[in-house]
Amino acid sequence: MAAPWRDVVRDAAAVRDAAAVAVDAALLAGVLMRTGEQPHSSDVVNYAPFTLLPSAVPRALFEQAYAVQQDFNLLVDAISQNKEFLEQTLASTIKVDDFTARLFRIYMQVLEEGLAQTVFLGINRSDYMFDCGVDGTTALKQIEINTIAASFGGLTSRTADVHGLVLKVLGKTKEASQLLPNNPSKGLASGIAKAWELYGSQSAVVMFLVEEIQRNIFDQRCVENELWKRNIRVIRRRFRDVFEKGCLDGSRRLYMDGQEVAVVYYREGYVPQTYNQQNWEARLLLERSRAVKCPDIATQLAGTKKVQQELSRPGILEKLLPGHPEAVARVRATFAGLYSLDEGEEGDKIAATAIADPERFVLKPQREGGGNNLYGEELRQVLEKIKDSPERTSYILMDKIKPQPALNYLLRAHSPLQVSECISELGIFGVYVRQGRELVLNEAAGHLLRTKAIEHADGGVAAGVAVLDTPYLV
Ligand code: ADP
Ligand code: MG
């Protein structure tokens, strides 16, 4: 891939000056996070980590990622309405993975009672890397799609200005003018606002379901403030608040502290550690309610790694999106090799292949949030240990994507300024709203580029590995 900053990346004095400008610009622009030491207060904040330089992204692949986003929205929405598919696909997983099993139990319970919810809101982020072939060509390959709590749509809307300024300081005014504007938080908020409007109660609020520790609160505030601009009230509550103070009325309208809730936007709830017995009860209460959940539990299940793997089987996309052959082709073109580890001959064979050649694969459990996947020697050891046990089915295997690294500086508070070999991951935000069976909104809402040093196989921005970036199209 092109290395547009080759002339400045090794110029120590220029880099030092530009980094000082960059950090102050990030603070001014609101690229902020609470600190690890004081995660409960905004008295002390710092800049969220970001790259000094925008990273080169092939224009054709960037456009391809945008072009397929409405198809992915359609697909996730179709999966969320397909009980038979979810049941069959997750049957083996829920036998061995307790977390997925508990989510699935709530899903079934809610269906048995009958859905009170009639308006549906999806906010997702489809993540990709640029796989570099032996012949030097690059291809867009999906890493995963996040159907719950997809973050950084707020902070990333402010990085383009910061990177534009850095480029100017480095004497690259023309290049600075080519950075694309980007505002996912606005798009996410317009989806939430649409769902709120269709819910149809002027006095009802939007509830952000937030974590106990809210270091990334400013990212969420970007979306919140967009809603306040539209005169939609926003409240922030944790699962434990819902357990203590949430209730349903006779028609399953959700109330928090006496206020009716139109939309529940989850920024929490995707890792097992969140849930004690009370929080599971709170989750069930929310799912049973008439409020628009973003996502509903079916859509959360549609985002599991197991579903992702199943989608890559021949014929499955055609079944889920009948009458949409072009969408099917666009979606499929982004798939890397994905393999089931279910018990049986197919699973035995791929397990043996991965043990023999672990560098070719990534081993993924049904977890979100970064830092859970296994690579290389560790992959081999774990797979060796579980290859003859049912535990194997709680994982999937995926071809490892191999992007071309580029030099950049990762700016982090209290860290030395040093050049790193980096790879990037592009995410496209998708938003859709469905009323009954009719899709009334289906859009791509913006992008997020995250970059990390190549020595880290795994992990996102929140996990402290990747940093925010801006694409520079080449
Ligand atoms: P999570 O749900 O934890 O975010 P991901 O599937 O996104 O799980 O994987 C986490 C990280 O691991 C990604 O951001 C990426 O850096 C790396 N990763 C995941 N899958 C692959 C792959 N197939 N090839 C190379 N790196 C991968
Ligand atoms: Mg991820």
*asked:* I'd like the Karplus ³J(HN,Hα) series for the stretch 425-432: coefficients 6.51, -1.76, 1.60, θ = phi - 60°, whole numbers in Hz, and an x wherever there's a Gly or Pro.
replied: 10, 9, x, 10, 7, x, 9, 8
_Coarse-grained scattering of the stretch 122-198 at q = 0.12, 0.18 Å⁻¹, given as base-10 log I(q)/I(0) from a Debye sum over alpha-carbon atoms_ = -0.56, -0.94
*With the other protein chains left in place, how much accessible area per residue, in square angstrom, belongs to the stretch 321-474 at a 1.4 angstrom probe?*
44 Å²
*asked:* If each residue of separation counts as 0.36 nm, what is the full-extension length gain between S389 and A14 once their alpha-carbon separation is subtracted?
replied: 129.4 nm
_³J(HN,Hα), Karplus 6.51/-1.76/1.60, whole Hz, each residue of the stretch 390-404, x for Gly, Pro_ = x, 3, 3, 6, 7, 10, 10, 10, 9, 4, 6, 8, 10, x, 7
*asked:* Bins of 5 Å, beginning at zero and ending with the bin holding the largest distance: percent of Cα pairs per bin for the stretch 419-474, please.
replied: 4, 16, 20, 17, 12, 9, 9, 7, 4, 1, 0
*For the stretch 5-55 versus the stretch 324-366, the gap between their alpha-carbon centres in whole angstrom*: 38 Å
*For labels at I355 and A101 in the simple 7 Å Cα→Cβ model, what's the distance in nm?*
2.5 nm
_Backbone HN-Hα couplings from phi across the stretch 181-191 [Karplus 6.51/-1.76/1.60, Hz, Gly and Pro as x]_ = x, 7, 9, x, 4, 5, x, 5, 5, 5, x
*May I ask you to derive the FRET efficiency for A3 and S251 from their Cβ-Cβ distance with R0 = 60 Å, giving the value to the nearest 0.05?*
0.50
_Give the separation of the Cα centroids, the stretch 201-243 to the stretch 118-196, in Å._
22 Å
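Rounded to two decimals, what ratio of Rg to Rh does the stretch 357-432 give with C-alpha atoms and a Kirkwood Rh?
On the way: Rg = 16.6 Å, Rh = 15.4 Å.
When Rh is taken as the Kirkwood radius, the ratio is 1.08.
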*Any of K95/K349; K141/K306; K306/K400; K83/K400 with alpha carbons more than 26 Å apart? Name them for me.*
K83/K400
*Which loop GluC sites (Glu not before Pro) in the stretch 10-103, with loop taken from DSSP, have no more than 16 other Cβ atoms within 10 angstrom of their Cβ?*
E37
*With the full set of protein chains in place, find how many percent of the accessible area of the chain is carbon and sulfur; take the probe as 1.4 Å.*
48 percent
*Could you work out Rg/(2.2 N^0.38 Å) for the stretch 337-400, with Rg from alpha carbons only?*
0.97
*What value, in deg cm²/dmol to 500, does the helix sum -39500 (n - 2.57) over DSSP H runs of n ≥ 4 give at 222 nm once divided by the residues of the chain?*
-11500 deg cm²/dmol
*Could I get the Rg over Rh figure for the chain? Both from C-alpha atoms, Rh via Kirkwood, rounded to two places.*
0.96
_From the Cα trace of the stretch 63-214, what convex hull volume per residue do you get, rounded to a whole Å³?_
215 Å³
*Any idea what diffusion coefficient the stretch 289-374 gets from Stokes-Einstein, in µm²/s, Kirkwood Rh on alpha carbon pairs, 25 °C, 0.890 mPa s?*
161 µm²/s
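The values are calculated or read from the model by the stated rules, or taken from the named source; none is laboratory data. Since the model is a prediction, treat every value here as computed from it, not as a measurement. Every residue, glycine as well, gets a Cβ built from its backbone with ideal geometry; the counts of neighbours run over all protein chains shown. Ligands, DNA and RNA are stripped out before the accessible areas are found, and what is left, the full protein with its side chains, is counted by its heavy atoms. Shrake-Rupley method; radii C 1.70, N 1.55, O 1.52, S 1.80 Å.
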